[in-house]
Ligand SMILES: [Zn+2]
């Protein structure tokens, strides 16, 4: 017989109301929340967890993680020096560490190479290893030379670069290639598709405004995705490409950093979500010379070129009514499991803390398509619950300091990140 457990909350953010409720209690049975309220009369055999010194929230969700690295500095040499097995171990470790930071679900945005994220997800779901629940993206759907093509790490050795290209099932050219790639990824059981459709800041020979798939290739991806019923998101910065993607009926977009007002309106009208990933561009926006000096010269030059537009884009996103998700995309500066940093970036950009909290809970559960299971604290949902000692409404570091975490009714150890 599964026991009853009661959590006494100092304050409660339930993911539904823009307020912190005082002296609430959560009654849990087994894996699920069965009641939320004041002075809930407990059944006889009742274990109590006293979190009266905490603000209690739903388990947080990070919707943009690249879990495949032990250290972000590895990504520049990964293509050549890391095995698939090593990357898989890193994925398992990242999932464990995000859980210890209060993030009970993470959405992996995939990688060019294999990292067996689906195996890690399965092992966590089956209870063999501990970690955040994983929602897993396909390998990048991308073209040669695009931001998703990691063989450019060895571009100075074209023979090696061309040889490695043959290994990647989702990087290629032409509509037929992408029809096949979508069907393959669907077969393997990926939760959603990720298109790398525009240039990036970190890749050397492209530009964030570039469009790296042609219309026939896009159409093949979106038509096939619709046929086999799988959602699509895309890495995109510039308005030109974002407008095109919204026209194709994309479910959501990652980054959107060069947002303009016209495109923001299209997001609002279509209900397309945006995971804006503020923290990786914080050093450019706030002119952090120390952090910028650690980046490659081409990366730095692009950030400088786009600094003004990045600042304006962030303001437009803040002032918009776009449905926002919370995601970190940590592949530089911070480690990939330090999901709490994004809260810092949002609050320091003048975002309403309740908008940030909703993004990291209810909205992200919808983005991950698991809102029937998690994302809010209400009867019937899984008991994914976090506790925080710092003031969530005022302290930008609050989500880097998790005091309590429970996933599906089980309490896990926490790790301080400050
Ligand atoms: Zn990313």
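The values are calculated or read from the model by the stated rules, or taken from the named source; none is laboratory data. Quick caveat: nothing in here was measured; it's all calculated off a predicted structure. So basically every Cβ, Gly included, is an ideal-geometry build from the backbone, and we count neighbours across all protein chains shown.
Contact map, segment 215-237: first residue over 16 Å from residue 183 (Cα atoms), second residue modelled with pLDDT of 95 or more and surrounded by fewer than 15 Cβ atoms within 10 Å (Cβ to Cβ), Cβ cut-off under 8 Å, separation 6 or more or different chains; pairs are 216/174. Restricting attention to segment 320-352, the residues being surrounded by 24 or more Cβ atoms within 10 Å (Cβ to Cβ) and either at pLDDT below 95 or over 26 Å from residue 266 (Cα atoms) (or both) number 5.
Within segment 51-80, the residues that satisfy the criterion of being within 16 Å of the ligand (Cβ to nearest atom) and either within 15 Å of the chain's Cα centre (by Cα) or in a loop (DSSP other than H, G, I, E, B) (or both) are 61, 62, 63, 64, 65, 66, 67, 68, 69. It is to be established whether one or more residues within segment 84-102 are over 17 Å from the mean Cα position of the chain (by Cα), within 16 Å of the ligand (Cβ to nearest atom) and either in a loop (DSSP other than H, G, I, E, B) or surrounded by 24 or more Cβ atoms within 10 Å (Cβ to Cβ) (or both). Within segment 84-102, not a single residue is over 17 Å from the mean Cα position of the chain (by Cα), within 16 Å of the ligand (Cβ to nearest atom) and either in a loop (DSSP other than H, G, I, E, B) or surrounded by 24 or more Cβ atoms within 10 Å (Cβ to Cβ) (or both).
Considering only segment 311-320, I want to know if a residue exists there that is within 19 Å of residue 399 (Cβ to Cβ) and not in a helix (DSSP H, G or I). Checked against the condition, which is being within 19 Å of residue 399 (Cβ to Cβ) and not in a helix (DSSP H, G or I), segment 311-320 yields no hits at all.
As for segment 266-273, it holds at least one residue that is at pLDDT 95 or above, within 16 Å of the ligand (Cβ to nearest atom), in the same structural domain as residue 349 (by TED's automatic domain parsing) and within 20 Å of the chain's Cα centre (by Cα). Only one of the numbered conditions (1) in contact (Cβ under 8 Å) with a residue 60 or more places away in the chain; (2) closer than 27 Å to residue 362 by Cα; (3) within 15 Å of the ligand (Cβ to nearest atom) is not met by residue 299, and that is (2).
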